[in-house]
Amino acid sequence: MSQINAVEAPIINSPYDEPQFHWHIEVAKPPEKRPGRRPASYFFRVPDRAARGRKTKKQEALFDDASKGQEYLLDLANLIRQRRQEWRERDYAGATKVTRELLELWQSPDRQQRLFYAQLEAVETVLFLVEGPDDLKQGVNVPTDEPGGDAKEAGYKAFVRYALKMATGSGKTTVMGMLAAWSILNKVAQPQNPAYSDTVLLVCPNVTIRDRLRELDPNLDELSLYRTRQLVSLQRMPDLRRGEVFITNWHNLERRELSDVNGTSARVVKRGVPVEKLRTVKLGGRDDLSEADIRQQALTGAFDIVRELRDAKGRLTGFDVREVRYYESDAAFLRRVLGNRKGRSSAIFVMNDEAHHAYRRGKLDAEDSYAIDEETAEVDAREATVWVEGLDRINNALGGKKNGIRLCLDLSATPFYIQGSGNEVGKPFPWVVSDFSLLEAIEAGLVKIPQLPTQDIGGTQTPAYFNVWRWVQELAEKDGASGKLTPDVLMRYATQPIMQLGVWAAEFREPVPERRCWASGLFFGHGRHGRSSHAPERAAAGVLCGAACAPISVQAGTNEAIRRRFSAAQTSFHSARTRSRPRRLNWRNPSTLLIQPLGGSAIHLRLR
């Protein structure tokens, strides 16, 4: 590994303005501050986990070379960045009256909370692609995300899909709120315009993020993100509430099997959509199935036996069976996900949060040793399949094209294909139209500056603790260890860096910044990710309650004692006249207290 030259002062831009400078970094050369913004690009390298199992020196050399990464330009994002700037210079030619009103509000210098440039750029990119003049969009060809052959035969059609690449911490949730307001308010103003929708569907990877996105519900009114972040003016809120924002996790997009209909098996009454499936039934297992059990189920019509499975000695191990299952229809699926939708437009606007989970599976290449990771491929494949097929089903049930998913936006810091996707690992989605990279976020002070060990006194080319796992592997191999490292062998070498980490944590602990409650004006200690940071000798935490910062004294103890204390705390919070009362108290974990105001982000309080 070559010597890394540290950048002494990485922050060189304002987070509220377009980047004016960037650090140019080359191997074995000092960092150079250059004028202008860096072009949109990505670094492609072979994933670390793909190196497992490699033994030869030639293969190791190949991996080491690939791990450095090669920079590639995002040509489409760079072209759109240039055209969007020309659109701004033309005073947003072609923009609707509602869009101009929103842009004026978002860009106003009198705002209490200015929006980041990264947020404005992402939103303006979408607005340009929808409302910009045709002459500026000439040559801007965004690749479509075409369904596979089987999906096309089933009648599924492609829908417009754009990806916004935004570094973590640059404010993707606010961008979703801005775009939801833009779509709904334009649809209310122009009901016949097919470019907009009054129905917005937000899909996220898990329930934690789903709960955090609840603040995008317009019905929360003053507690919604539209008002707390000044995304919509007060007089426009009634129009915004005429639309609907549905928030769900991808699991809800899976077509549900009908187990029974009015108490009778769906298989018996043949209710729902029949789907033929092949699966393997093995002898033994959790249900301790015997050959007779399986053949009896086949006789009763549960499934048809396709073939017997035997081991190398000819012993029966199981059966491949074919069965017909009955699933909810597309209409029933649509009602479950999007409700009744009476009076709503037949087109919807979809936004995928953490969209690197949502991709169409390609065909795995047997020759590509990098594309398969047995530990995660099955889980990732199911998530991606359910997510995208669910959107296909919604698009098809609404009629496709103009009456289906009018626009689908992917928001992610890493919109890249992952291992096991059947696509080229590490390559970005081809429909990336905007890029505010991690490097730009660091240079604008939006995220914490990464700290890496760049030198030590060991005399080796690579700093010892730059990658502790590889360092331990090298030491173990030198001492004659082979194969997988056992826990005892691992800890023999890893104890030293673990102890050193504890020393560093005590020596370089950051001072706790003082924060102010937006409602009461009181100040309180507040650490990273909303966790309170108070002196170790104090068992108290400052809570942002919406009307006052009320201290709660919590002592460590048994779960039951913790629950009683938390229940008392919850009672006191509910009785207080606050603008946003706590929704949930996590008493099962004796080390944390979770407060989640209505319409706000969760606040984890660490108990000392």
Discussion item. Are there any chymotrypsin sites (Phe, Trp or Tyr not before Pro) in the stretch 100-198 that are in a DSSP loop and have at most 12 other Cβ atoms within 10 Å? List them by number.
Written reply: none
Worksheet entry | Restricting the stretch 214-243 to trypsin sites (Lys or Arg not before Pro) in coil, as DSSP defines it, with at most 13 other Cβ within 10 Å | none
Worksheet item: Hey, what do the phi angles of the stretch 480-485 turn into as Karplus ³J(HN,Hα) couplings, whole Hz, using 6.51/-1.76/1.60 and θ = phi - 60°, x for Gly and Pro?
Response: x, 6, 9, x, 5, 7
Worksheet entry | Segments 8-16, 246-254 sorted - mean Cβ within 10 Å per residue, highest first | 246-254, 8-16
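Between R256 and S233, what is 0.36 nm times their sequence separation minus the Cα-Cα distance? Round to one decimal in nm.
4.2 nm
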Response to the item:
With a ≥ b ≥ c from the Cα gyration tensor eigenvalues, square-rooted, and the rule rounded for a/c under 1.5, otherwise prolate when a/b > b/c and oblate otherwise, the stretch 171-264 is prolate
Worksheet, complete the sentence: If amide H atoms are modeled at 1.01 Å from N in the peptide plane, then the residues at a separation of 5 or more from F246, or on another chain, having amide H under 5 Å from its own are V200, L201, L202
Worksheet item: How far, in nm, would the chain grow between V273 and V160 when pulled straight, counting 0.36 nm per residue and subtracting the alpha carbon separation?
Response: 37.9 nm
Practice prompt. Report ³J(HN,Hα) in whole Hz for each residue of the stretch 314-322, in order, from the Karplus equation J = 6.51 cos²θ - 1.76 cosθ + 1.60 where θ = phi - 60°; Gly and Pro get x.
Written response: x, 7, 5, 10, x, 9, 8, 10, 10
Fill in: Residues with amide H under 5 Å from that of L289, placed H, sequence gap 5 or more
G284
Worksheet item: Which whole-Hz ³J(HN,Hα) couplings does the stretch 440-451 yield from phi under the Karplus relation 6.51 cos²θ - 1.76 cosθ + 1.60, θ = phi - 60°, glycine and proline marked x?
Response: 5, 5, 5, 5, 9, x, 7, 10, 5, 7, x, 10
Fill in: Pairs beyond 23 Å (Cα-Cα), from K137/K172; K33/K448; K97/K157; K152/K277; K33/K172
K137/K172; K97/K157; K33/K172
Worksheet item: What per residue convex hull volume, in Å³, comes out for the stretch 207-253 when only alpha-carbon positions are used?
Response: 70
Practice prompt. Any chance you could run the full-extension gain for N403 through A506? It's 0.36 nm times the residue separation minus the Cα-Cα distance, nm to one decimal.
Written response: 31.2 nm
Item to complete: For a quick protection proxy, order the peptides 24-36, 83-95, 136-148 by their average other-Cβ count within 10 Å, most packed first.
Response: 83-95, 136-148, 24-36
Worksheet item: What residues have an amide H closer than 5 Å to that of Y359, excluding those fewer than 5 places away on the same chain, when H is modeled at 1.01 Å from N in the peptide plane?
Response: V388
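Bear in mind these aren't lab numbers, they're just calculated from the coordinates by the rules spelled out. Small disclaimer: the values here were computed from a predicted structure and weren't measured. Methodologically, a virtual Cβ is constructed for each residue, glycine included, from the backbone with ideal geometry; neighbour enumeration extends over all protein chains shown.
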